[in-house]
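Structure, as structure tokens:
Rule-based calculations on the coordinates, nothing more; no lab input. As the structure is a prediction and not an experimental result, all values here were calculated from the model. Cβ sites come from the backbone with ideal geometry, for glycine too, and all protein chains shown count toward neighbours.
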Amino acid sequence: MDNSLAELDARVAGCRACPRLVDWREEVARTKRAAFAEWTYWGRPVPGFGPPDAPLLVIGLAPAAHGGNRTGRMFTGDRSGDVLYAALHEVGLASQPTSVSVDDGLALYGVRVTSPVHCAPPANKPTPEERDTCRPWLVSELKLLKPTLRAVVVLGAFGWQAALPAFAEAGWTVPRPRPVFSHGAQVVLESLTDSPTDTPPNSPLELFGCFHVSQRNTFTGRLTPEMLRNVLCTAAATAGLPTRPYAG
Ligand code: SF4
């Protein structure tokens, strides 16, 4: 059992439980993309990013081969991250609109960003077995965040399906049948009644479904910046976080 998110993040970064993903992340780190030839790729599992007492969590899918797998930070160095961090900044939840490297000075305000699979998968598609193998990391992260965590934005159906059992294992009740993912979905998960460390005790958690910030969704307009900002603002308000008005 990890006592802090920092300890957990360090252990995540050393994980080698999925042979296919270990091979892939390391091969990508060796061969690189020409545009990033000067980079020393991270090439390891990418831990969550953000404060350990975050009331709001954003859950994606998995790091990108030349994004998080290159930079070592969630959603950093790829187009998906460009969209996500620009939106977080616009609503006042991030210190700057871009996230390009671990030493770029970015700070998140009350928000942590993570994913149910911590290694970059080929074609951005982890197998169900890899998703399940990685779940204990998400469960541990949720348990450590639980005292303050009040809202979660889940980006896409994969993250939704991967995260629901993790919420159940981490101390919230997940309705049966399991709620279905959609953009705009909202579900309240009650806390199990033995959570005195929650502030206040036994606080519920509210989930918000949002289309993933993938290029396929953002280039086609399936997910617009305004749609993303709206979900983030609603979730932040639920989590008790202040946001700022944005244009559009
Ligand atoms: S995907 Fe998760 S469980 Fe698999 S090797 Fe990476 S960190 Fe470990």
**OP:** Quote the charge dipole size of segment 5-239 about the Cα centre in Debye, to the nearest 20; the model charges only the Cβ of Lys and Arg (+1) and of Asp and Glu (-1).
**Re:** 560
Original post:
Stretch Glu169-Ala37 to full length: gain in nm at 0.36 nm per residue minus the Cα-Cα span?
Top reply: 43.4 nm
Subject >> Candidate aspartates and glutamates for bridging to Lys146, where Cα separation is under 15 Å - those fewer than 8 sequence places away on the same chain excluded >> reply: Asp2, Asp53, Glu169, Glu190, Asp194, Asp198, Glu206
**OP:** Return the aspartates and glutamates within reach of Lys125: Cα separation strictly under 20 angstrom, same-chain partners fewer than 8 residues apart disregarded; answer none if there are no such residues.
**Re:** Asp23, Glu26, Glu27, Asp78
**OP:** Could you tell me which GluC sites (Glu not before Pro) in segment 100-208 are loop residues by DSSP with no more than 14 other beta carbons within 10 angstrom of their beta carbon?
**Re:** none
Original post:
Among Thr76, Thr114, Thr220, whose mean-square fluctuation peaks in a Gaussian network model of the chain (Cα, cutoff 10 Å)?
Top reply: Thr220
**OP:** Would you calculate a helix-derived [θ] at 222 nm for the chain, using -39,500 (n - 2.57) for each DSSP H run of n ≥ 4 and dividing by the full residue count, to the nearest 500?
**Re:** -10500 deg cm²/dmol
Subject >> Full-extension gain in nm, Glu226 to Asp53, via 0.36 nm per residue minus C-alpha separation >> reply: 59.6 nm
Subject >> Label-point separation, Phe219 to Val100 (7 Å along Cα→Cβ), nm >> reply: 2.2
Original post:
So which residue, out of Pro116, Pro196, Pro63, gets the largest mean-square fluctuation from a GNM of the chain using Cα contacts under 10 Å as springs?
Top reply: Pro196
Original post:
If you wrap a convex hull around the C-alpha atoms of segment 5-239 and split its volume per residue, what is the figure in Å³?
Top reply: 113
**OP:** Rank-order 30-36, 237-243, 90-96 by packing density, defined as the average count of other C-beta atoms within 10 Å over each peptide's residues, highest first.
**Re:** 90-96, 237-243, 30-36
